[in-house]
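So that we are looking at the same thing, I have put the structure below in structure tokens.
The values are calculated or read from the model by the stated rules, or taken from the named source; none is laboratory data. Computed from a predicted model, the values in this text were never measured in an experiment. With ideal geometry, Cβ positions are generated from the backbone for all residues, glycine too; neighbour counts draw on all protein chains shown.
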Amino acid sequence: MRNRKYLGLVLGLVLSLLVAASVLAITTSGRWTSKAPGSNTPLMQNISATTFRFWSCVNHNSDLEAYWDWMHHWPIIPSTGTQEKHASCRNVTTKRVLSWSAGSSADYSVEYTRTNNSSVSTNWSQDY
């Protein structure tokens, strides 16, 4: 019976943490039409991980893959890629999901890399 005394309090704290975590998670999204290689999503500040999704994707030459990189933005020096990833893009309507993480927080964006040889049209979203 003594354990039940604190059950409501513990359950309340757990639910509060879940609500706070969902409020703190941020999602941005957009639609790109004929975006050139080297295009970036908006800057995500002070993050350590992201989940990037894209769908309704069409590369405009004959690429079957789209290459994406999580770009680390430095205060003075040019941005650097952390790890390039790819997924099918030619007339794909289903969502493709790519995730990246780092050891510490910094400013990042997702780039449609220069490895691609054509522009892209796609819907995208990112959670961080």
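For residues that are crowded, with 19+ Cβ neighbours inside 10 Å and over 16 Å from the mean Cα position of the chain (by Cα), scanning just region 103-128, find the one that is farthest from residue 58 (Cα to Cα).
116
Could you tell me whether residue 117 is closer than 14 Å to residue 66 by Cα and either among the aromatic types (Phe, Trp, Tyr) or part of a strand (DSSP E or B) (or both)? It would help to see each step written out before you state the result.
Values: closer than 14 Å to residue 66 by Cα: yes; either among the aromatic types (Phe, Trp, Tyr) or part of a strand (DSSP E or B) (or both): no.
The answer is no for residue 117.
Take region 108-128 and flag every residue that is charged (D, E, K, R), within 15 Å of residue 50 (Cβ to Cβ) and at pLDDT below 95.
Taking region 108-128 as the starting set, the residues that turn out to be charged (D, E, K, R) are 111, 114, 127.
With the extra rule that they be within 15 Å of residue 50 (Cβ to Cβ), the set shrinks to 111, 127.
Answer for region 108-128, where residues must be charged (D, E, K, R), within 15 Å of residue 50 (Cβ to Cβ) and at pLDDT below 95: just 127.
Also, quick follow-up: When you look at residue 23, is it at pLDDT below 95 and surrounded by 10 or more Cβ atoms within 10 Å (Cβ to Cβ), yes or no? Steps first, answer last, please.
On the way: at pLDDT below 95: yes; surrounded by 10 or more Cβ atoms within 10 Å (Cβ to Cβ): no.
No, not satisfied.
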